[in-house]
Amino acid sequence: MPAHTAIKTALGVATGLALLTAAPAMAQVTKYQSNPSALILDGAEVKAGTDLFFLSGQLASPVDPKKGFADVKSVDDLGDTKTQTISALTKIKALLESKGYTMADLMKLTLFVAADPKLGKMDFAGASEGFKQFFKTTDNPTTVARSTFQVAALAGPYFLIEIEGIAAKKK
C-alpha cells in the first residue's frame with residue numbers, strides 16, 4: 001500500500017474512533033420509590049451522559065426582606081424551622097432555574113438542622129412541612145432522596161437549617 005493511502009486510511013480510522021468516543025452516552029436519570037405516598041425517595045440513579053449540578057448549602061434569608069444578615073438578632077428574624085426551610089428551598093429553586101434546571105431535577109438533598117431554642121431540639125416536623133411545599137405538589141409531583149442530620153450549630157446562631165443538593169438532567 002502506498003504511504004499516502006496508508007496515511008489516509010489511518011486518519012480515517014482515527015477520525016471514526018474519535019467520533020465514536022465523542023458521541024454523548026444516552027443519559028438516564030431514574031428515581032426509585034417503593035412507597036408512592038412517601039415524601040422521600042428510596043434512592044436515585046444517575047447514569048453517564050447526564051448533566052449534574054451540585055448546590056452548596058443554602059441558608060434562610062431574613063423574614064423581613066428589608067433586613068440584611070447584620071440585622072438578624074434572633075431566631076424570630078429568620079423564622080422557625082418550617083419558615084427557614086421554605087426560604088432555603090426558594091433559594092435552591094431560583095439557583096436551579098438560573099442554570100436551566102427545575103425542582104423536579106433534584107435527586108438528593110441533605111438537610112442540616114440545628115435545635116430550635118424554643119423547642120430545645122431539632123424540629124424535623126417543621127422541616128418536613130416546609131419540604132411539602134416543594135415536593136409531591138401539583139407543580140412538582142416528584143420528590144428526592146434525602147438525608148437529615150441534627151448539627152450542633154450552623155453558620156450563625158439563629159440559623160436552624162441549611163440545605164444542599166444535587167440535581168441531574170438529561171443532556
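The values are calculated or read from the model by the stated rules, or taken from the named source; none is laboratory data. Given the structure is predicted, the values throughout are model-derived calculations rather than measurements. Reconstructed Cβ throughout: ideal geometry from the backbone, glycine too, with neighbour counts over all protein chains shown.
Pairing each residue of segment 148-165 that is acidic (Asp, Glu) with any residue that is in a loop (DSSP other than H, G, I, E, B), provided the two are 6+ apart or on different chains, yields C-beta distances under 9 Å for Glu162/Ala60; Glu162/Leu154; Glu162/Ala155.
Quick one: in segment 142-171, which of the residues that are hydrophobic (A, V, I, L, M, F, W, C) and farther than 13 Å from Ala115 by Cα is surrounded by the fewest Cβ atoms within 10 Å (Cβ to Cβ)?
My answer is Ala155.
Here's a check for you: in segment 104-141, which residue that is part of a loop (DSSP other than H, G, I, E, B) and among the hydrophobic types (A, V, I, L, M, F, W, C) is surrounded by the fewest Cβ atoms within 10 Å (Cβ to Cβ)? Restricting to residues being part of a loop (DSSP other than H, G, I, E, B) and among the hydrophobic types (A, V, I, L, M, F, W, C), the top hit is Leu119.
With the requirement that a residue be at pLDDT 95 or above and not β-branched (Val, Ile, Thr), what does segment 154-167 give you?
Leu154, Tyr158, Phe159, Leu160, Glu162, Glu164, Gly165, Ala167
Scanning segment 145-170 for residues that are aliphatic (A, V, I, L, M), within 15 Å of the chain's Cα centre (by Cα) and either in a loop (DSSP other than H, G, I, E, B) or within 16 Å of Lys91 (Cβ to Cβ) (or both) turns up Ile161, Ile163, Ile166, Ala167.
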